[in-house]
């Protein structure tokens with residue numbers, strides 16, 4: 001007894017393999033074209049020279065004895081100097097997300113009466129961040145990677161090996 005080809009399950013199996021591979025291929029093509037990789041650096045030589053320049057800033061912070069403590073509890077960020085006893089008129093803080101460039105943000109903070117820097121966020125800041133602290137003149141800098149939120153204070157110490 002003969003049956004039609006479309007009633008045969010093996011025929012559908014054989015035809016479905018190329019159709020599935022075409023759907024997956026078109027999907028991957030669309031993902032690759034719509035989500036560009038923003039982490040690729042075009043001129044590696046200039047980036048290397050810039051890193052060497054930044055290492056000098058971290059070494060200066062190390063030489064000056066700069067240290068800070070960072071805490072993000074709830075939606076309030078607190079940064080207090082714990083190294084040298086100096087009043088900073090302004091502190092620049094950059095938050096870089098490791099994978100999503102659109103989430104990066106910058107704060108320019110002035111101290112309160114205790115010498116602590118405080119900022120309240122509108123929304124919750126969570127996840128892994130690369131935090132960079134620098135002076136208003138941008139003569140020194142401290143850079144570290146932190147996981148937020150953090151109820152305890154995190155020590156930010158200048159370390160030339162963490163510069164990027």
Using label points projected 7 Å from each Cα along Cα→Cβ, tell me how many nm separate residue 17 and residue 90, to one decimal.
6.7 nm
Looking at the chain as a GNM with Cα springs under 10 Å, which of 98, 18, 81 has the largest mean-square fluctuation?
18
Helix 44-64 vs. the chain, principal-axis angle (Cα, 0 to 90°, nearest 10)
30 degrees
So how tilted is helix 9-34 from the main axis of the chain? Cα-based, degrees 0 to 90, rounded to 10.
30 degrees
Any idea how far apart residue 10 and residue 52 come out in nm if each label point goes 7 Å out from Cα toward Cβ?
6.8 nm
Label-point separation (nm) for residue 59 and residue 125, each offset 7 Å from Cα along Cα-to-Cβ?
3.0 nm
What is the ratio of the Cα radius of gyration of segment 68-153 to 2.2 N^0.38 Å, where N is its residue count, to two decimals?
1.04
The chain: relative contact order in percent, alpha carbon pairs under 8 Å with at least 6 residues between
24 percent
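No value in this document is a laboratory result; all are computed from the given coordinates. None of the values given here were measured: they were computed from a predicted structure. Cβ: placed from backbone, ideal geometry, glycine included. Neighbour counts: every protein chain shown.
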